[in-house]
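The structure appears right after this line, and notes come after that.
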Amino acid sequence: MPGIINLSAYKFTPLDNLPAWREQLKTVTVAGGLRGTILLSPEGINFFVAGERAAVDALLAVIRTMPGLADLTPKESESDDQPFNRMLVKIKKEIIAFGVAGIDPARRPTAKLPARTLKQWLDEGRPLTLLDTRNDYEVRLGTFRGAVPAGIENFRDFPSAVARLPAALKEQPIVMFCTGGIRCEKAGPFMEQVGFKNVLQLDGGILKYFEECGGAHYEGECFVFDKRVGVDPALRETDSVMCFACQMPLTAAEQLHPHYVADISCPHCFNGKR
């Protein structure tokens with residue numbers, strides 16, 4: 001049996017005629033037996049789908065006929081099993097919920113830093129602050145060595161987290177990162193809007209860094225939003241799982257804890273604590 005191809009991409013570009021595009025994309029995903037999620041909005045597209053090679057190629061061919069998406073280059077990985085339960089094609093106000101007016105990544109983006117350049121800077125010990133824009137439960141599976149976590153439970157909390165950062169950082173170089181880059185597309189312009197003068201975003205996020213640089217300067221694994229839960233720097237699925245009760249990601253070591261009972265509890269929610 002051929003392996004499952006996991007395809008993910010996003011792009012901020014003005015889109016219209018969304019209902020018609022939704023129907024066309026639904027048709028091709030159903031025909032190919034694909035599963036995953038495609039989000040369409042006036043600000044662009046965001047998708048993560050999985051299926052056999054011919055089906056994902058057919059979908060990508062349709063997506064590339066959409067305005068501004070001809071050069072779209074998705075991230076690709078393989079898995080033994082289908083990581084999604086169903087196929088959803090939705091029209092949303094935003095392709096990544098943020099809720100701050102005036103943020104327009106398509107027209108006013110933050111400068112991007114290539115993965116290999118970040119590795120070089122870290123190899124050199126260049127002074128910079130690595131800012132992890134992900135949620136706390138993602139950060140706990142792994143992050144860059146020395147990175148500053150935003151300290152949030154939801155991306156909509158990011159603006160309040162920025163308000164807590166030391167004022168001195170507004171003058172210093174900051175490299176922000178997330179899983180695949182999309183959250184930084186909005187986090188970066190927001191930080192610039194509130195006075196941060198030297199902000200860069202890691203192009204393609206952690207997953208692109210893993211692809212090009214492996215695990216250098218990174219500790220642990222990377223949380224992903226599908227059945228795999230986590231991937232290592234070689235982009236292989238790890239043994240991490242989600243707690244059935246509290247949905248906290250658990251490493252293989254944490255699953256050995258006496259308070260971990262599959263489908264019942266984990267050290268984070270045992271006896272109702274969290």
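The values are calculated or read from the model by the stated rules, or taken from the named source; none is laboratory data. Predicted model only: the values in this text are computed from it and were never measured. Neighbour counts run over all protein chains shown; Cβ positions are idealised from the backbone, glycine included.
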Checklist line | Restricting segment 209-229 to residues that are at pLDDT below 95 and under 12 Å from the mean Cα position of the chain (by Cα), the residue that is surrounded by the fewest Cβ atoms within 10 Å (Cβ to Cβ) | finding: Phe225
Check: Which residues, counting only those in segment 245-256, are assigned to a loop (DSSP other than H, G, I, E, B), free of Cβ contacts under 8 Å to residues at least 40 places away in the same chain and surrounded by 14 or more Cβ atoms within 10 Å (Cβ to Cβ)?
Finding: Ala245, Cys246
Notebook entry, point to check: Within the bounds of segment 261-271, is there any residue that is touching a residue at least 24 places away in the same chain (Cβ under 8 Å) and either more than 18 Å from Ser79 (Cα to Cα) or out of contact with any strand residue (DSSP E or B) (no Cβ under 6 Å at 6 or more places or on another chain) (or both)?
Noted result: yes
Next item on the list: Consider Ala187 carefully, then state whether it is assigned by TED's automatic domain parsing to the domain that holds Leu130, among the hydrophobic types (A, V, I, L, M, F, W, C), in a helix (DSSP H, G or I) and over 11 Å from the mean Cα position of the chain (by Cα).
Entry: yes
Item checked: Among (1) modelled with pLDDT under 95; (2) assigned to a loop (DSSP other than H, G, I, E, B) - the single one Asn271 does not satisfy -> (2)
Notebook entry, point to check: In the list Phe244, Phe270, which residue meets the criterion of being outside the structural domain of Asn85 (by TED's automatic domain parsing), among the aromatic types (Phe, Trp, Tyr) and in contact with an Asp or Glu (Cβ under 9 Å, 6 or more places away or on another chain)?
Noted result: Phe244
Next item on the list: Go through segment 56-114 and count every residue that is assigned to a loop (DSSP other than H, G, I, E, B) and free of Cβ contacts under 8 Å to residues at least 40 places away in the same chain.
Entry: 6
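Residue-wise test of (1) over 23 Å from Ala9 (Cβ atoms); (2) among the aromatic types (Phe, Trp, Tyr).
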site	(1), (2)
Ile152	yes, no
Pro166	yes, no
Gln193	yes, no
Gly204	no, no
Phe210	no, yes
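Between Thr117, Thr27, which is among the polar types (S, T, N, Q), free of Cβ contacts under 8 Å to residues at least 60 places away in the same chain and more than 30 Å from Gly146 (Cβ to Cβ)?
So the residue among Thr117, Thr27 that is among the polar types (S, T, N, Q), free of Cβ contacts under 8 Å to residues at least 60 places away in the same chain and more than 30 Å from Gly146 (Cβ to Cβ) is Thr27.
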Margin query: Which of the numbered conditions does Ala115 fail, given that it passes all the others? Conditions: (1) of a type in the set (A, V, I, L, M, F, W, C); (2) in contact with a helix residue (DSSP H, G or I) (Cβ under 8 Å, 6 or more places away or on another chain); (3) modelled with pLDDT under 95.
Written below: (3)
Margin query: For a quick check of your reading of the model, give me the residue pairs whose first member lies in segment 184-201 and is touching a residue at least 12 places away in the same chain (Cβ under 8 Å) and at positive phi, whose second is part of a helix (DSSP H, G or I) and surrounded by fewer than 21 Cβ atoms within 10 Å (Cβ to Cβ), with beta-carbon atoms closer than 8 Å and at least 6 apart or on different chains.
Written below: Gly195/Lys170
Item checked: When residues of segment 12-39 are limited to those that are in a helix (DSSP H, G or I) and of a type in the set (A, V, I, L, M), the one nearest to Ala187 (Cα to Cα) -> Leu18
